[in-house]
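Colleague: Supplied in structure tokens, the structure appears directly below.
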Amino acid sequence: MSTLDFGTMEFMKWLMEEEDTGSKDCLIVVKDFFENKYVILFDKNISSSVIVSYRESMPWCITCDTDDCGHVGFAICLKQHYDRNDQIVF
């Protein structure tokens with residue numbers, strides 16, 4: 001899936017939609033988050049769940065087998081958001 005920047009942009013859309021409670025137009029949504037272990041995302045592009053795990057605090061997309069896809073970009077932003085707010089609503 002795309003680039004880190006794509007994941008960052010999708011995170012921003014997801015965050016705005018969570019606050020707005022509007023329609024879910026973003027392509028990536030959060031299914032579950034386990035702090036410093038992994039995040040489960042749902043990617044609407046591939047209609048599948050995606051797991052991004054944290055290896056020594058570094059995110060790794062198990063689905064794409066890389067550390068620089070859009071899922072990783074989304075997961076990085078999600079973790080930063082959690083670190084600032086100590087919660088995630090999904």
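Colleague: With springs only between Cα atoms under 10 Å apart, run a GNM on the chain and tell me which of Glu56, Glu35, Glu17 wobbles the most.
Modeller: It is Glu56.
Colleague: Rounded, prolate or oblate: which one fits the chain, using the alpha carbon gyration tensor with axes a ≥ b ≥ c (rounded when a/c is under 1.5, else prolate when a/b beats b/c, else oblate)? Could the numbers behind the result be given before it?
Modeller: On the way: a/c = 1.67, a/b = 1.17, b/c = 1.43.
It comes out oblate by the Cα gyration axes.
Colleague: Sum up the lysine pairs in the chain that clear both bars: alpha-carbon distance under 20 Å and a spacing of 8 or more or different chains.
Modeller: Taking the chain as the scope, the lysine pair count is 8.
Colleague: Work out the length of the dipole vector of the stretch 4-85 about its Cα centre, built from +1 on the beta-carbon of each Lys and Arg and -1 on the beta-carbon of each Asp and Glu, and round it to the nearest 20 debye.
Modeller: I would put it at about 180 debye.
Colleague: Using θ = phi - 60° and the Karplus form 6.51 cos²θ - 1.76 cosθ + 1.60, what ³J(HN,Hα) does each residue of the stretch 40-57 get, whole Hz, x for Gly and Pro?
Modeller: 10, 10, 10, 9, 5, 4, 10, 6, 8, 6, 10, 10, 10, 9, 10, 9, 6, 6
Colleague: In the stretch 4-85, with Lys and Arg counted as +1 and Asp and Glu as -1 at Cβ, which of these residues, His81, Phe34, Met58, has the Cα nearest the positive end of the dipole, that is, farthest along it?
Modeller: Phe34
No lab work stands behind these numbers, since they all come straight from the coordinates. This is a predicted model, so every value here is computed, not measured. Quick reminder, even Gly has a Cβ in these numbers, built from the backbone with ideal geometry, and neighbours come from all protein chains shown.
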